[in-house]
Amino acid sequence: MSENNKPLILIVEDVESNYLYLNAVLTKLDATIEWVKNGLEAVNFAKENPNIDVILMDLQMPEMNGYDATREIKKIYPAMSIIAQTAFAMSDDRSRALEAGCDDYLAKPIRSKDLLDTVNKYLNK
């Protein structure tokens, strides 16, 4: 939970239009939403904010990809909820994401209902 007792959701996404879509859908939740643009920023943000409730992790990003960022974050916070999201829905992406430590997986384009249902599942656990 963030300081204002709202859930804290971190969006890790290097494409601004994708972030804007996710943010617009997630505003339906009463949550604090933060945005970083690559895996390295996500790891650093998580280290400084152990109270993150859900991370939406893009898998294909510059500097550090989502697989590596997930592994690093899970080393520190094994119980932190990380949902992979990727446009490159190859047959092995889901299994690779889960092996890296992601708790769930959404393929782009992400339907707003699927996004809200999946995020709510982890906010309410």
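The values are calculated or read from the model by the stated rules, or taken from the named source; none is laboratory data. Since we're looking at a predicted model, the values are computed, not measured. Using ideal geometry, Cβ is built from the backbone for each residue, glycine included, and neighbour counts are taken over all protein chains shown.
General observations
- Residue ID - surrounded by the fewest Cβ atoms within 10 Å (Cβ to Cβ), chosen from residues in region 78-113 that are among the polar types (S, T, N, Q) and within 18 Å of ILE11 (Cα to Cα): SER112
- For first residues located in region 66-85 and in contact (Cβ under 8 Å) with a residue 60 or more places away in the chain, partners that are aliphatic (A, V, I, L, M) and assigned to a loop (DSSP other than H, G, I, E, B) and lie 6+ apart or on another chain with Cβ distances below 7 Å form the pairs GLN85/ILE110.
- LEU116 surrounded by 13 or more Cβ atoms within 10 Å (Cβ to Cβ), part of a helix (DSSP H, G or I) and modelled with pLDDT of 95 or more: yes
- Which numbered condition ASP30 fails, given (1) under 14 Å from the mean Cα position of the chain (by Cα); (2) under 17 Å from LEU116 (Cα atoms): (1)
- Failed item, numbered, when PRO109 is tested on (1) under 25 Å from ASP30 (Cα atoms); (2) in contact (Cβ under 8 Å) with a residue 24 or more places away in the chain: (2)
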